[in-house]
1. Are there any helices (runs of 4 or more DSSP H) wholly within the stretch 19-80 with 2 or more residues that are at pLDDT 95 or above and within 20 Å of PRO7 (Cβ to Cβ), and if so which?
2. Can you spot a residue in the stretch 30-41 that is open to solvent by 40 Å² or more (accessible area, probe 1.4 Å), of a type in the set (A, V, I, L, M, F, W, C) and more than 16 Å from LEU73 (Cβ to Cβ)?
3. Being buried (at least 16 other Cβ atoms within 10 Å of the Cβ), in contact with a helix residue (DSSP H, G or I) (Cβ under 9 Å, 6 or more places away or on another chain) and among the small types (Gly, Ala, Ser) narrows it down to one residue among GLY53, GLY45; which is it?
4. Select from the stretch 1-18 the residues that are aliphatic (A, V, I, L, M), in a helix (DSSP H, G or I) and either at positive phi or exposed (fewer than 14 other Cβ atoms within 10 Å of the Cβ) (or both) and list them in ascending order.
5. Restricting the search to the stretch 45-73, which residues are aliphatic (A, V, I, L, M) and over 12 Å from the mean Cα position of the chain (by Cα)?
6. Taking only pairs six or more apart or across chains, which ones have beta-carbon atoms under 9 Å, a first residue in the stretch 49-73 that is farther than 16 Å from GLU29 by Cα, and a second residue that is open to solvent by less than 30 Å² (accessible area, probe 1.4 Å) and outside any helix (DSSP H, G or I)?
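The values are calculated or read from the model by the stated rules, or taken from the named source; none is laboratory data. For clarity, every value in this text was computed on a predicted model and none was experimentally measured. Ideal geometry is used to build each Cβ from the backbone, glycine not excepted, and the neighbour counts take in all protein chains shown. Please note that ligands, DNA and RNA were not included when accessible areas were found on the heavy atoms of the full protein model with its side chains. Shrake-Rupley method; radii C 1.70, N 1.55, O 1.52, S 1.80 Å.
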Amino acid sequence: MPPSSPPSERVLARRRAIGDQIRAARLHENLTQEAVALRVDMTLGSYNRIEQGHASPLLDTLIRVADAIGIPLAHLVREE
């Protein structure tokens with residue numbers, strides 16, 4: 001399998017935007033990163049990488065994050 005190319009700047013920007021939306025929703029619900037990570041059953045470091053936009057989470061993970069925060073998935077990935 002050939003090596004994959006790095007993500008485009010647009011993809012990286014959307015990753016950061018989704019991380020920002022996750023962080024804002026988490027803070028609105030007065031949750032810590034640790035509380036969400038525990039609810040999602042992932043390490044704090046992995047969760048932090050999602051919020052920072054450094055990770056490319058699977059759809060299943062985003063669904064679990066949205067459920068853990070108590071918001072619709074669409075709220076995390078909508079474009080303004």
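1. Passing ranges, in order: 44-52, 59-69.
2. yes
3. GLY53
4. Listed by number, the residues that qualify are VAL11, ALA13.
5. Residue satisfying the conditions is ILE71 alone.
6. ARG49/ALA55; THR61/ALA55
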